[in-house]
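Asker: Take a look at this one; I'll ask things after.
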Amino acid sequence: QVQLVESGGGSVQAGGPLRLSCAASGNIFRIEDMAWYRQGHTKPRELVPPITRSGSANYSDSVKGRFTISRDNHKKTIYLQMNSLKPEDTAVFYCRAWVALNRGTTSNYWGQGTQVTVSS
């Protein structure tokens, strides 16, 4: 199966930067789409900005101007660069990928999540 390994989480002070990585491995024919989600301990999981294989991304108002997604297709890795972090950004961040296992089968996968804690 496909595995998504997330890294880069940790504790930072408000205003600091952090970069998350998510590397995909396994029997991957092609990655169709990827996205980042976050879930606060009292909030439901929500989409941060999505990114498609073509590179298109849409940003929510809460992260606009602070979060940037990039993707390295050769490394099968996506990144979430977070700047000017705020305490309300504290959450578990999850990577999600839609993967073509062959020409006729596409499945989606979740990473295990990585904790981001922002202190004031």
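Asker: What whole-number distance in Å separates the alpha-carbon centres of the stretch 72-101 and the stretch 25-45?
Answerer: Result: 7 Å between the Cα centres.
Asker: Say each of TYR109 and LYS86 gets a label point 7 Å from the Cα, pointing the same way as Cα to Cβ; how far apart are those two points in nm?
Answerer: Distance between the two pseudo-spin positions: 3.4 nm.
Asker: Check which residues have an amide H placed less than 5 Å from ARG30's amide H, if you skip close sequence neighbours.
Answerer: Hits under the 5 Å cutoff: ALA100.
Asker: Could you give each residue of the stretch 13-30 its phi-based ³J(HN,Hα) in whole Hz, using Karplus coefficients 6.51, -1.76, 1.60 with θ = phi - 60°, and x for Gly or Pro?
Answerer: Ordered by residue, 3J(HN,Hα) equals 7, 3, x, x, x, 7, 10, 9, 10, 9, 10, 9, 8, x, 7, 10, 7, 6 Hz.
Since every read-out is calculated from the coordinates, none of them should be taken as a lab result. Source: prediction; values computed, not measured. Using ideal geometry, Cβ is built from the backbone for each residue, glycine included, and neighbour counts are taken over all protein chains shown.
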